[in-house]
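The values are calculated or read from the model by the stated rules, or taken from the named source; none is laboratory data. All figures in this text were calculated on a predicted structure; none of them were measured in a lab. Here the Cβ positions follow ideal geometry from the backbone for every residue, glycine too, while neighbour counts run over all protein chains shown.
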Amino acid sequence: MCSSFIATRIDTIGELEEGNRCQVDGDLTYIVDKFYTYLLAYDILPTVGPPLVSVKFKEIIERHCENDCIFIPVEIKSTETKDHNNDFFAMIVSNSVVCLNKEKSEYKPSIKSIPDGPISINHVVYIPDSLGVHHIVRMEESKHLIIVDKVFVNLCKENKINGVTFIKEGSLQRPEYL
C-alpha cells in the first residue's frame, strides 16, 4: 500500500521533505512489503518523506515549472517478493515562500511551549500573488504544506494526473476539494 513506503535514509529524507538542500549520492531506496502493480496507474504516491512521482508527472513539472522542483531517482524494493521498481522519482519542492495571511487565517503553535515554532493551521487564507513566478512551493510558515497556483492545478487536470487532490483555501479541518 502507498502508506507503507518508507525511505531507508531517514536523515536525508527529513531534510528533503522540507525542501532543504543536502547531498544525495545515488538513488533513494524505499522498502515496502509488497509492490502492488495497480500503483503503476498513479502519477503521485504519498509516502513517508517526499512524494513519489511518475516519469509523466516529472516531465510535466520540468517543462512548465522550471526550477520549482528537483527529482531524485528512486528504487522501490519489496521485502516479500524481492521485486524492485525504478519508475518513480522523489519530488523535492525547491522553494518556500511566505504565503499565509496571518490576519485572516486561523492557526496556533504546534507546541505550546514554543510560540514562535511550528504551527498547526485550521483555516488557511493565502496572501494574493505570493507565489510570484513559482507554480509550486512550500509554505514558509509550515513547510510540510505544498502550495500550488491555478496554472499547476490546470496542468494536472489537462494531463490527467492520477493520484493528486487539491484543497481549496479555507478549512483544513473539513477541506473542500477542487
(message) For the list (1) crowded, with 16+ Cβ neighbours inside 10 Å; (2) under 19 Å from THR165 (Cβ atoms), I need the number of the one condition that HIS144 fails.
(response) (1)
(request) Keeping to the range 66-105, report how many residues are farther than 30 Å from ILE127 by Cα and touching a Leu at 6+ places or on another chain (Cβ under 6 Å). (result) 3
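Just wondering, is there one or more residues in the range 117-124 that are part of a loop (DSSP other than H, G, I, E, B), more than 30 Å from ARG63 (Cα to Cα) and without any contact (Cβ under 8 Å) to a residue 24 or more places away in the chain? So that I can check it myself, show each step before the final result.
Step one: of the range 117-124, the residues part of a loop (DSSP other than H, G, I, E, B) are 117-118.
Cutting the leftovers down to more than 30 Å from ARG63 (Cα to Cα) gives us 117-118.
Now restrict to residues that are without any contact (Cβ under 8 Å) to a residue 24 or more places away in the chain: 117.
Within the range 117-124, one or more residues are part of a loop (DSSP other than H, G, I, E, B), more than 30 Å from ARG63 (Cα to Cα) and without any contact (Cβ under 8 Å) to a residue 24 or more places away in the chain.
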(request) Find the residue count for the range 125-178, including only residues that are over 29 Å from TYR38 (Cβ atoms) and either small (Gly, Ala, Ser) or free of Cβ contacts under 8 Å to residues at least 40 places away in the same chain (or both). (result) 13
(request) Could you tell me which residue of the range 125-144 is farthest from VAL55 (Cα to Cα), considering only residues that are in a strand (DSSP E or B) and touching a Leu at 6+ places or on another chain (Cβ under 6 Å)? (result) MET139
(message) Among the residues of the range 154-176, are any outside the structural domain of LEU45 (by TED's automatic domain parsing), among the charged types (D, E, K, R), outside any loop (DSSP other than H, G, I, E, B) and surrounded by 15 or more Cβ atoms within 10 Å (Cβ to Cβ)?
(response) no
(message) Can you tell me how many residues within the range 87-135 are touching a Gly at 6+ places or on another chain (Cβ under 9 Å) and not hydrophobic (A, V, I, L, M, F, W, C)?
(response) 6
